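**Q** To start, I am sharing the structure in question, which I have written as structure tokens.
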Amino acid sequence: MFGQPVAGNPTQYLMEKAFVAAGLDWRYLTLEVTPEQLPAAVAGVRAMGFRGGNITMPHKLAVLPHLDELSRAASLIGAVNCIVNNDGRLLGENTDGKGFVQALRASLDPAGKKVVILGAGGAARAIAVELAMAGTAEITVVNRSAERGEQLAQLLVSELSATASFQLWEGDYSVPQGTDLLVNATSIGLFNSSARVPLVLDTLAASLTVADVVFNPANTRLLHEASKRGCPTVDGLGMLVNQAAICFQLWTGISPDVSLMREALEEFLSV
Ligand code: NDP
């Protein structure tokens, strides 16, 4: 994994547990890489014959020109979190949205559903693209700044022929009646269990599934409020574990034990 700062990232811990469980004598390294050294670090992946790797902030966009090809999802999202080295050719993939959808499926099949996504940053883009690919009926992107939100809604319409629109987020947002899934894809709540996502909580009907990308704390204030109202909830740990599991599968060809990876993550984060 290349990132900066990257110390404290849990992925190595999960991956190495999964390698052992799969009987693979493999290693996963977490490496502090500066933006200036990113091209050299990627060249090192080729030079040293790494099977692949993860890319995290701030390199998810900057890594694109150093790769040989991109998956359709990575190209639409415009960011890469996973590299696969196929005999010296580096493929850029984005597994964040796929991990989200995989975690969601335990509670809700997104096909034909009406979705509201709060946020339009990297996580929101990855989730929106994969939800559209999974056949959602309608996606509303709600964001504080118009430009990013409009761009995302436009991308979904023009590239994926999805039914999607943008709504500016001003004050407390009322979730429209009939919405099946609400996703908080903003960073509100990260490392802050009292942070409030500006919503009219009375509009969270018990039929609404509420998901949060924030994984620390896992039980965010939003998820807590949603479960009090009877809504099924999906936490950010599921997305984190599943995006890592998909990378593991791409590198090794083996489906890892996802529940073991989740246990490792909970142990690492002491949740
Ligand atoms: P970005 O910086 O790309 O995007 C942040 C988004 O949050 C933007 O839409 C921004 O709005 C919005 N936002 C931030 N603060 C506020 C606020 N106070 N009010 C309203 N909107 C706000 O970040 P990422 O998309 O990369 O990450 C978002 C979150 O997702 C982080 O918490 C990250 O940890 C988490 N994440 C979780 C993963 C997982 O596996 N569980 C994987 C990847 C990310 P604006 O455009 O107006 O600035």
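The values are calculated or read from the model by the stated rules, or taken from the named source; none is laboratory data. If you're wondering where the values come from, they're calculated on a predicted model, not measured in any experiment. For neighbour counting, all protein chains shown are included, and Cβ atoms are generated from backbone atoms with ideal geometry for every residue, glycine included. The accessibility values were calculated without ligands, DNA or RNA, using every heavy atom of the protein model including side chains. Shrake-Rupley method; radii C 1.70, N 1.55, O 1.52, S 1.80 Å.
**Q** Let me check something: with ligands and nucleic acids excluded, how do 215, 268, 2 order by accessible area (1.4 Å probe), largest to smallest?
**A** 268, 215, 2
**Q** I'd like the FRET efficiency for residue 205 and residue 249, computed as 1/(1 + (r/R0)^6) with the beta carbon distance as r and R0 of 51 Å, rounded to 0.05.
**A** 0.90
**Q** Among DSSP beta bridges lying fully in the chain, give the percent that are antiparallel, nearest 5.
**A** Within the chain, antiparallel bridges account for around 25 percent of the total.
**Q** Pull out the extension gain between residue 20 and residue 37, defined as 0.36 nm times the separation in residues minus the alpha carbon to alpha carbon distance; nm, one decimal.
**A** Taking residue 20 through residue 37 to full extension adds about 3.0 nm, to one decimal.
**Q** Ranked by accessible surface with a 1.4 Å probe, highest first, in what order do 224, 66, 59 come?
**A** 224, 66, 59
**Q** Would you mind counting up the charge near residue 139? Only other residues with Cβ under 14 Å from its Cβ, with Lys and Arg at +1 and Asp and Glu at -1.
**A** Neighbour charge sum, excluding residue 139 itself: -2.
**Q** So which helices of the chain fit the span-like rule, where a helix is a whole DSSP H run, its Cα atoms reach 18 Å or more along the axis, and its mean Kyte-Doolittle is at least 0.5?
**A** Counting only whole DSSP H runs, the qualifying helices are 236-252.
**Q** In percent, how large is the relative contact order of the chain, given Cα pairs closer than 8 Å and 6 or more residues apart? Walk me through the numbers before you get to the answer.
**A** Values: 554 pairs, mean separation 46.3, N = 271.
It rounds to 17 percent for the chain.
**Q** Of the peptides 45-54, 142-151, 74-83, how do they stack up when ordered by the mean number of other Cβ atoms within 10 Å, highest first?
**A** Values: 45-54: 15.5, 142-151: 17.2, 74-83: 24.2.
In descending order of packing, they fall as 74-83, 142-151, 45-54.
**Q** Stokes-Einstein D for the chain at 25 °C, 0.890 mPa s, Kirkwood Rh over Cα pairs, in µm²/s? Before the final figure, lay out the partial values.
**A** Values: Rh = 19.0 Å.
The diffusion coefficient I find is 129 µm²/s.
**Q** Keeping all protein chains in position, work out how much accessible area residue 17 exposes to a 1.4 Å probe, and write it in Å² to the nearest 10.
**A** That residue has around 80 Å² of solvent-accessible surface.
**Q** With respect to the cross-link table entries 60/98; 60/114; 60/228; 17/228, which display a Cα-Cα separation exceeding 25 Å?
**A** Cα-Cα > 25 Å for 60/114; 60/228; 17/228; rest within.
**Q** Can you give the net charge of the other residues whose Cβ lies under 13 Å from the Cβ of residue 120, counting K and R as +1 and D and E as -1?
**A** Result for the local shell: +1.
**Q** Can you give the helix-only mean residue ellipticity at 222 nm for the chain, where every DSSP H stretch with n ≥ 4 adds -39500 (n - 2.57) and the sum goes over all residues, rounded to the nearest 500 deg cm²/dmol?
**A** -11000 deg cm²/dmol
**Q** Something else: Of 26, 169, which has the most accessible area and how do the rest follow, probe 1.4 Å?
**A** In descending accessible area the options line up as 26, 169.
**Q** Moving on to the next point. Which value, in Å² and to the nearest 10, is the accessible area of residue 71 when all protein chains are kept and the probe is 1.4 Å?
**A** Only protein atoms counted, so the area is about 20 Å².
**Q** Taking all pairs of distinct Cα atoms, average 1/r, flip it, and tell me the Kirkwood hydrodynamic radius of region 97-234 in Å to one decimal place.
**A** For region 97-234, the Kirkwood estimate is 14.6 Å.
**Q** Taking the simple approach of a point 7 Å from Cα along Cα-to-Cβ for both residue 47 and residue 257, what is their distance in nm?
**A** Spacing of the two 7 Å Cα→Cβ label points: 3.8 nm.
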